[in-house]
Amino acid sequence: EEILAEYYDEGHPELSRVWEERGMLYEKQEQLPKAREAYERAIAILKVFPNQYPEALGRNWCRLARLLPEGERAQAYQRAYHLFEANERMQNSFAGEAALQLAKDALQAGQPALAVQIAERTIRNPGARSSAFPLLAKSHLLLGQLEPAPQPFRQWINTAPDALQPVDWANAAELALLSGARAEALRWSKLFAERSEGLLPRYFVARAYAASGNETRARQILNHIARSTEPAVLKALAEQTLGEMELLSGNT
């Protein structure tokens, strides 16, 4: 900084890199107020030249966003996101971070349509792609878009099956059954059963067996669930499925 100050004015963009690196050092020392101030100094310089240094400006907005309280964080990430989008720089890690965080915020704020829009763009970023699939899957589901929803579930399960919660597995299995993907419904239900105890995953396995034509195995599992006492709702669902199977067989 001392050397550059001999050649450049205080607001010269060359000095912004010094402030950014100083902020990174402050972060490592856990001096977060000083780190925040350093990133703000870098941003103040780069904002004067937005068209010349969009990547550096977006990067500093991301670094600053990590240190801001929740109410202010989204705005900083949004500024970074728009810079990367406008300059087609969605391939770097900071662009992926900004897009991913905005998609998460949109989903948490009850705006699944906006989450879908941003998450679909996030998939273009190699570093953020795998984290965008869960957001897409959940957002499509909230919107009731049952046709596009299975695809992000498929990608999510193929890349990070251990990250799914029981409700995610149940949604995935139900979607596969509704869309007629019988083999996938059975595979996903079995994966669910491997990762979760209780009767719910077995219920989906039974439904998948029934859909694929293996009624004997389906009845065995459903009868076991129907004879159980807890939880009552699963017993009722098993009895309902057994009734549907009897009806399809003509046993009114």
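The values are calculated or read from the model by the stated rules, or taken from the named source; none is laboratory data. In this text the structure is predicted, and so the values were computed from the model without any measurement. Quick reminder, even Gly has a Cβ in these numbers, built from the backbone with ideal geometry, and neighbours come from all protein chains shown. Side chains included, ligands, DNA and RNA excluded: accessible areas come from the protein's heavy atoms. Shrake-Rupley method; radii C 1.70, N 1.55, O 1.52, S 1.80 Å.
A simple spin-label model places the labels of THR159 and GLU72 3.2 nm from each other, with each point 7 Å out along Cα-to-Cβ. Within the chain, the longest segment free of exposed loop sites, counting GluC sites (Glu not before Pro) that fall outside DSSP classes H, G, I, E and B and have at most 11 other Cβ atoms within 10 Å, spans 89-196. Toward the positive end of the charge dipole of segment 192-252, with +1 on the Cβ of Lys and Arg and -1 on the Cβ of Asp and Glu, the farthest Cα among GLY243, VAL233, PHE204 is that of PHE204. In 5 Å bins starting at 0, how do the alpha-carbon pair distances of segment 149-252 split up by percent? The percentages, shortest bin first, are 2, 14, 24, 24, 19, 11, 5, 1, 0.
If R0 is 30 Å, the Cβ-Cβ spacing of LYS28 and GLU197 corresponds to a FRET efficiency of close to 0.10. Helix 200-211 axis versus longest C-alpha principal axis of the chain: approximately 60°, rounded to the nearest ten. Multiplying each eigenvalue of the alpha-carbon gyration tensor of segment 89-205 by 5 and taking the square root yields semi-axes of 27, 14, 12 Å, largest first, rounded to whole angstroms. Here LYS235 is the anchor, and the lysines within straight C-alpha reach of less than 21 Å, apart from those fewer than 8 places off in the same chain, are LYS190. With contacts taken as Cα pairs under 8 Å and at least 6 residues apart, segment 1-67 reaches a relative contact order of 29 percent.
Here segment 134-191 is treated with +1 on each Lys and Arg Cβ and -1 on each Asp and Glu Cβ, and its dipole about the Cα centre works out to around 120 debye.
Selection among SER131, GLN75, GLN31 by position relative to the dipole of segment 1-154 gives SER131 as farthest towards the positive end (Cβ unit charges, Cα centre). The residues of the chain expose, per residue, 55 Å² of accessible area to a 1.4 Å probe. Pairs of Cα atoms in segment 1-63 fall into 10 Å distance bins, from 0 up to the last occupied one, in shares of 26, 51, 22, 0 percent. The helix-only estimate of mean residue ellipticity at 222 nm for the chain, built from DSSP H runs of length n ≥ 4 each weighted as -39500 (n - 2.57), is -23000 deg cm²/dmol after division by the residue total. Going by accessible surface with a 1.4 Å probe and the largest first, TYR39, TYR209 read TYR209, TYR39.
Against the chain, whose longest principal axis comes from its Cα atoms, helix 129-142 is set at around 60 degrees. Note on the chain: percent of Cα-Cα distances in each 10 Å bin, starting at 0 and stopping at the bin with the largest distance, equals 7, 23, 23, 16, 13, 10, 5, 2, 0, 0.
Between LEU247 and ARG124, what FRET efficiency follows from the Cβ-Cβ distance if R0 is 51 Å, with the result rounded to 0.05? Efficiency, rounded to the nearest 0.05: 0.60. Most mobile of ALA181, ALA206, ALA98 per a Gaussian network model of the chain (Cα springs, under 10 Å)? The residue that fluctuates most here is ALA181. Rounded to the nearest 20 debye, the dipole magnitude of the chain is 920 debye, with +1 charges on Lys and Arg beta carbons, -1 on Asp and Glu beta carbons, and the Cα centre as origin. Taking the 1.4 Å solvent-accessible surface of segment 1-157 as the whole, the part contributed by carbon and sulfur is 47%. Per the Debye formula on identical point scatterers at the alpha carbon atoms of segment 1-109, with no solvent, log10 I(q)/I(0) at q = 0.11, 0.19, 0.22, 0.23 Å⁻¹ is -0.34, -0.95, -1.18, -1.24.
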